[in-house]
Amino acid sequence: MTFKSINPYTGEQIAIYQKHSETEIEEILHQSTIAFNQWKNVSIAERSEMMLKAADLLKRNESKYAKTITLEMGKPISESTAEIQKCAWVCKYYAENAEKFLQSKTIETDAYKSYVRYDPQGTVFAIMPWNFPFWQVLRFAAPTLMAGNTALLKHASNVFGCATHIAELFEEAGFPKGAFQNLFIGHEDTELVVKNATVKAITLTGSERAGSSVATLAGKYLKKSLLELGGSNAFIVAEDADIDKAIEIGLKARMLNNGQSCIAAKRFILVADAYERFVPKFREAVAKLKIGNPLEAGTQISVLAREDLAVDLENLIKKSVEMGAEILIGGNRKGAHYEPTILINVKSGMPAFDEETFGPMAAIIKAKTIDEALELAAQSKFGLGLTLFSEDIEKAQSYANKVEDGAYFINELVKSDPRLPFGGTKISGYGRELSQEGLLEFVNVKTVFVNK
């Protein structure tokens, strides 16, 4: 069996990758065990040197890596470049902070001495998506490797070129053979990997369906798991908001990565007269987006990663329109391209409100008060993040306890940052990536109790 990498903009085949056989999978797992037994004894200072070299290599190979991202999944080249820069940041962040995060913690008890230490667990198996093909991997790999674990990656099959680059990156940075390895496998092979004694934990970024499947396997084989799943983030604009700023940030929050982001602003909830002030200007901003070849500088919107994804979005919008929503702008598909679209008159119960919309479509919802807006935002099975635009900062902060999501951003789009924990609630998953919390997700929190 083979996997094909297809350029979604041209439809041309980029490369073919051979699926790993069961024998090859077993050998990769064995090599991961060998590497772990070596890597866990390498000092954090030495690990940091290698991770800093990886950060430097990301910067030096920025153009090559960015081009591969754009060719494989259609992201505008400027955004692919920014993705590589962010990856260099996360490598540098953990290289500089891992030693502090992993320091043993003394706890006063009736013992002569008692403390907690944070030891590596072993191999962490990651299942990653195509929408941020470098960032999703590096934000898992950097803390995992710095903690002394080894890493196995099952990447999305349409971005195996990116996966290959990442493996070569760590090899060139000096990490031992087997510390980071790719598995070119299908979903049907996931259980074979999860049940292997080498694998101590699983992390997945993906859909609700994939998360449920992986959580089931993790439970079956008693493995620790972390799930970062979908989202339908609300973007609330209060009456007192700076409308121009809200439009500028809102446009980026919805249209970044051709709208293919779990943390994108998907439901725009506009309070009272903010609706009349926001919608016409937002429509103008959407109409001005530059659509074209993702490799050309200045392109803001291009194709979705695959044609079937554009078809899914088209069907979701059609069903919402049949239920009473109205297309204000856009609404047309050609192949893998879907026009930037605004839907108005969106209500709870419509797919545009209830489901995760992966593509350049903004759903507009009216609310009479800020309390109603927060209630509408909470009417979602997802719980990844929420944005609120308001000039009353103190009042906006007071709403934090009403937000069930894993993140609450005031006057800014929801985004991931190496310094802050990232993750969701409800069916958006569990566990946290990034920051110290992300590093400690896959360590053995070990109690040491000493008496004379």
Counting only other residues whose beta carbon sits under 15 Å from that of Ile427, what net charge do I get with K and R as +1, D and E as -1? -3
For the chain, the longest principal axis of the Cα atoms and the Cα long axis of helix 307-322 enclose an angle in degrees, to the nearest 10, of 40
If each residue's Cβ is checked for other Cβ atoms within 10 Å, how do Glu391, Glu433 rank with the fewest at the top? Glu391, Glu433
Counting Lys +1, Arg +1, Asp -1, Glu -1, what net charge surrounds Lys195 among other residues with beta carbon under 10 Å of its beta carbon? +1
Candidate values (1) 71, 59, 41; (2) 61, 51, 45; (3) 105, 75, 56, label of the one derived for Cα extents along the principal axes in Å: (1)
What does the net charge come to around Ile249 if you take all other residues with beta carbon closer than 11 Å to its beta carbon, with K and R at +1 and D and E at -1? 0
Range of Cα positions in segment 233-417 per principal axis (Å), largest first: 46, 37, 30
With a 31 Å threshold on alpha-carbon distance, the violating pairs from Lys92/Lys154; Lys86/Lys113; Lys252/Lys347; Lys177/Lys426; Lys4/Lys245 are Lys86/Lys113; Lys177/Lys426; Lys4/Lys245
To the nearest 10 degrees, how steep is helix 22-39 against the longest Cα principal axis of the chain, on a 0 to 90 scale? 70
Between Leu440 and Glu22, Cβ-based FRET efficiency (R0 35 Å, step 0.05) works out to 0.55
In terms of the charge dipole of segment 46-189, which places +1 on Lys and Arg and -1 on Asp and Glu at the beta carbon, the residue among Leu71, Asn182, Thr106 farthest towards the positive end is Leu71
With axes computed from alpha carbons, what is the tilt in degrees of helix 274-287 against the longest principal axis of the chain, rounded to the nearest 10 within 0 to 90? 70
By average C-beta atoms within 10 angstrom, highest first, the peptides 196-202, 275-281: 196-202, 275-281
How large is the helix-only mean residue ellipticity at 222 nm for the chain, computed as the sum of -39500 (n - 2.57) over DSSP H runs with n ≥ 4, divided by its residue count, in deg cm²/dmol to the nearest 500? -12500 deg cm²/dmol
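Every number here is computed from the coordinates shown, using simple stated rules; none is lab data. As the structure is a computational prediction, the values presented were derived from the model and not from experiment. Every residue, glycine as well, gets a Cβ built from its backbone with ideal geometry; the counts of neighbours run over all protein chains shown.
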